[in-house]
Amino acid sequence: MSDRGRFDFRREVALGLCSYGAYLVVRRLVWNERGRARARYDAQRILGWERSMGIDIESKVQSAALRVPGMVPALNLGYAAGNVALSVGWLLLLYRRRDASFFRERRAALAAFAGALPFFAAMPTAPPRTLDEFVDTMNGDRFGLDHPLLLRFYNPIAAMPSHHVAFAVVTGVGLARRASSRSRRVGWATYPGAVALVVVATANHFVADVAGGAALGVLARRATR
């Protein structure tokens, strides 16, 4: 059977819904009083470990970003929409073109998505922005990440590992391999680093979360070769 004949929209929708359903099941398991207390404890434990290792740069990165006019709103937008839009948009473009590489890219994305779920269940972790040492830039407006409506659709104590960075690695590597010029390859290769900067500057992830997400993205691509 040709690659073109294997494209099935209903199957792709089912895979997406099942993956998101599993994510919501994990959210339901941990989003309670005990889970939130454990998540805050785990966040403080990660921060303490980073301090002992001398890699607790999150507050310095955020302070630098806060000093640049207009930087924080741009970073917030990049965190809330940019990364997800690019990752999903890339897959939709490949599907629309009936590109045979869609299947590998989709498998890698799903592997990165699903690979984080056991960690979210076993080690719920609050983002740095919930701790006193950081500024919560995501909830300065009337409609922030902790709005009751949004809380129904995502897990706010799933910081370790970083899904954003994992998706950035999966998508960035895929785009770099298909880039038509050296400058574009370099640009897409550095994309995960840009996402890492965004998630740290907005205090949504610790450096340890970033490292975990990057490792997950690399493993997802290798496991789906």
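The values are calculated or read from the model by the stated rules, or taken from the named source; none is laboratory data. Bear in mind that the values here come from a model prediction, so they are computed numbers and not experimental data. Note that each Cβ is placed from the backbone with ideal geometry, even for glycine, and that neighbours are counted across all protein chains shown.
General observations
- T130 being closer than 28 Å to R51 by Cβ, crowded, with 24+ Cβ neighbours inside 10 Å and modelled with pLDDT under 95: no
- Identity of the residue in the stretch 78-96, aliphatic (A, V, I, L, M) and touching a residue at least 40 places away in the same chain (Cβ under 8 Å), that ends up surrounded by the most Cβ atoms within 10 Å (Cβ to Cβ): L86
- Within the stretch 100-159, the only residue that satisfies the criterion of being of a type in the set (S, T, Y), under 15 Å from the mean Cα position of the chain (by Cα) and part of a loop (DSSP other than H, G, I, E, B) is Y154.
Conditions (1) under 17 Å from N204 (Cα atoms); (2) hydroxyl-bearing (S, T, Y); (3) free of Cβ contacts under 8 Å to residues at least 40 places away in the same chain; (4) surrounded by 16 or more Cβ atoms within 10 Å (Cβ to Cβ), marked per residue:
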| residue | (1), (2), (3), (4) |
| --- | --- |
| D8 | no, no, yes, no |
| V26 | no, no, no, yes |
| Y41 | yes, yes, yes, no |
| I46 | yes, no, no, yes |
| E50 | yes, no, no, yes |
| G54 | no, no, yes, no |
| G70 | no, no, yes, no |
| A74 | yes, no, yes, no |
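- Residue under evaluation D146, criteria (1) closer than 26 Å to L29 by Cα; (2) buried (at least 16 other Cβ atoms within 10 Å of the Cβ), criterion not met: (2)
- Filter pass, V72 being more than 20 Å from C18 (Cα to Cα), of a type outside the set (G, A, S) and assigned to a helix (DSSP H, G or I): yes
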